Structure formats: C-alpha cells, structure tokens
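Asker: Before I ask anything, let me first share the structure, which is written out below as structure tokens.
The values are calculated or read from the model by the stated rules, or taken from the named source; none is laboratory data. Quick caveat, the model's predicted, so the values are computed rather than measured. Cβ sites come from the backbone with ideal geometry, for glycine too, and all protein chains shown count toward neighbours.
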Amino acid sequence: MKREIHRWWSPALHKDMEIAVYGHFGFSVLMFPTAGADYLEYERFNLLDRISDLVDSGKCKLFSINSINNESWLNRNMNPRHKSIRHQQYNHYITEEVVPFIFNHCQGRVPLVTAGASLGAFHAANSLFRRPDLFAGTLAMSGSYDLKDYTDGYYDDDVYFNSPVDYLQHIYDESVLGKLRFGKKIIIATGQGSYENPDASRKLSGILSSKGIPHELEVWGHDMPHDWPTWYKMFPYFMRERM
C-alpha cells in the first residue's frame, strides 16, 4: 500500500499537524481517530490492512488526520469556553487546510467522504452536516452525535452549532437541506454490545428522517462492543459493499 506522511504548521491550530495518505487514486476518505488518538491509529490497529486491496486497486484513497480532543472536550483541566473555541479552530483546520490539501493531492475535487469510530464518528458526521458543500458522505461508527455528552453541562453557541442532534432539527433552509438530501452517502452504524449506545444512532437517524435526508441506519448485534473487534468488521464491510 502506497503510504505518505505530510506535516505542516496549522494556522488554525497554531501547531504542527500530520496527515497520513494511503493509496494513489479513487474516491477520498477523510478518517478521524477515536478519542484522543493520533493520525496513525488506524494503521497501528491494522484496520487499514483489511481494505488494502481496495486501496491498492484504486477504489479509494485514505487520508488519516490527528485529533485535538485532548485539547478540547477530553481535557478536564481546561476552561469550557476555551474547549469550545478549540473545537471551532479544529473545524477551521478541517475545512480550510485539510480539505484543500486533499483536493490538491488528488489533483482535483474528487468525491470526499468522512469516516470515524467513537468520537471520530462524531467528527465525521458533524463535518458532513456542517459542510455538505465539501463532503459527499460519511461512515460514522459507534458514535454519539450530541456534543453535550462531552461538555459536562457547558453550553454555548459553538456547542449548539457542533451538536448535530441540536442544529439539524432546526434547519429549515431548503437550500441547505437540499445539499444533504441529494447525492450523499450517509451510513450511521452501531453495535449493541458493551459500552455501545445504539440509541444515539437511532436518535440521529430519526432527526435525519424527519428532515427527509436519505441515510442508512445499521444497528448490529449485542455481540458488537464499543471496541476494535466491531470496527474491524464494520469498516471493511461498509467500504466494500455500501460506499
């Protein structure tokens, strides 16, 4: 599998940020790590090996980035307002730096979907719903889509506009809804085993349905925990069969 590592100083985040690129052509997948993990997490856990044939054959090209969750909602020693600001800075990093890098690396504006598990699923889904003009879909596995689950009671406009279960139900602009209703591949997947929260996925699905946004909700069995064995099965299945 072709592999490249890129690194640059991020104006949005005021720090160096890395990105790993796997493959040479195909539709692009922007991968968000779980919790406080880094851009090599999916490689370390051998998840990429399970779709190496898809990458090598040119079906897809993967871009795996760092998280800054330990500098925002997972940092219990940080002022909540500063966490909120940091989250917004991360959004700007994605849209103003990572997405242009991907399009430049692919020598054009190729279809770009997001993917992630756990907290990475939240970022993957939130990125699509906030900017459907940039992203063609999402594969969100084992996520919670209510940012308030991470804010310990803190709430401001930045929390609201980054909490899909809050802002999606209040979108009435047909021009915005139209971008989400047509041409998108939205897969919301969850298990029902230990530490999974299938109701979070069902709640998001209900809101999407109420807005007429086509999507697929996949609720897998009670033998599917909130852990890598589940994502080892989900990620290759959806990449092969549904994306």
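Asker: Pull up region 77-94, narrow it to residues that are among the polar types (S, T, N, Q) and over 14 Å from residue 66 (Cα atoms), then point me to the one that is surrounded by the most Cβ atoms within 10 Å (Cβ to Cβ).
Answerer: 84
Asker: Which residue out of 202, 181 is more than 24 Å from residue 48 (Cα to Cα), modelled with pLDDT of 95 or more, touching a strand residue (DSSP E or B) at 6+ places or on another chain (Cβ under 9 Å) and among the basic types (Lys, Arg)? Spell out the reasoning first.
Answerer: On the way: 181 fails: touching a strand residue (DSSP E or B) at 6+ places or on another chain (Cβ under 9 Å).
None of the other options fit; the residue is 202.
Asker: For residues that are in a helix (DSSP H, G or I) and polar (S, T, N, Q), tally how many sit in region 86-126. Please lay out each step first, then the result.
Answerer: Taking region 86-126 as the starting set, the residues that turn out to be in a helix (DSSP H, G or I) are 86-105, 119-126.
Then drop every residue that is not polar (S, T, N, Q), which leaves 88-89, 91, 95, 104, 126.
Residues that pass the stated criteria total 6.
Asker: Go through region 164-210 residue by residue and tally those that are of a type outside the set (A, V, I, L, M, F, W, C), out of contact with any Phe, Trp or Tyr (no Cβ under 9 Å at 6 or more places or on another chain), within 19 Å of residue 130 (Cβ to Cβ) and touching a residue at least 12 places away in the same chain (Cβ under 8 Å).
Answerer: 7
Asker: What number of residues within region 104-117 are touching a His at 6+ places or on another chain (Cβ under 9 Å) and crowded, with 22+ Cβ neighbours inside 10 Å?
Answerer: 3
Asker: Here are 18, 71: which of them is out of contact with any Ser or Thr (no Cβ under 7 Å at 6 or more places or on another chain) and in contact (Cβ under 8 Å) with a residue 24 or more places away in the chain?
Answerer: The match here is 18.
Asker: May I pose another question? Within region 150-163, take every residue that is part of a helix (DSSP H, G or I) and without any contact (Cβ under 8 Å) to a residue 24 or more places away in the chain and give me the one that is farthest from residue 79 (Cα to Cα). Show your work before the answer.
Answerer: So in region 150-163, the residues part of a helix (DSSP H, G or I) come out as 157-160.
Add one more test, that the residue is without any contact (Cβ under 8 Å) to a residue 24 or more places away in the chain, and what stays is 157, 160.
Working: 157: 16, 160: 17 Å.
Checked region 150-163; the qualifying residue farthest from residue 79 (Cα to Cα) is 160.
Asker: Right, another one. Go through (1) within 30 Å of residue 151 (Cβ to Cβ); (2) surrounded by fewer than 22 Cβ atoms within 10 Å (Cβ to Cβ) for residue 69 and report which single condition fails.
Answerer: The number of the failed condition is (2).
Yes/no matrix, rows are residues, columns are (1) assigned to a helix (DSSP H, G or I); (2) exposed (fewer than 13 other Cβ atoms within 10 Å of the Cβ); (3) of a type in the set (Gly, Ala, Ser); (4) under 15 Å from the mean Cα position of the chain (by Cα):
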| site | (1), (2), (3), (4) |
| --- | --- |
| 6 | no, no, no, no |
| 12 | no, no, yes, no |
| 16 | no, yes, no, no |
| 21 | no, no, no, no |
| 29 | no, no, no, yes |
| 36 | no, no, yes, yes |
| 39 | no, no, no, yes |
| 42 | yes, no, no, yes |
| 50 | yes, no, no, no |
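So that you can scan it fast, the table gives a plain yes or no per residue for (1) assigned to a helix (DSSP H, G or I); (2) within 17 Å of residue 119 (Cα to Cα):
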site	(1), (2)
201	yes, yes
205	yes, no
213	no, no
217	no, no
221	no, no
225	no, yes
230	yes, yes
235	yes, yes
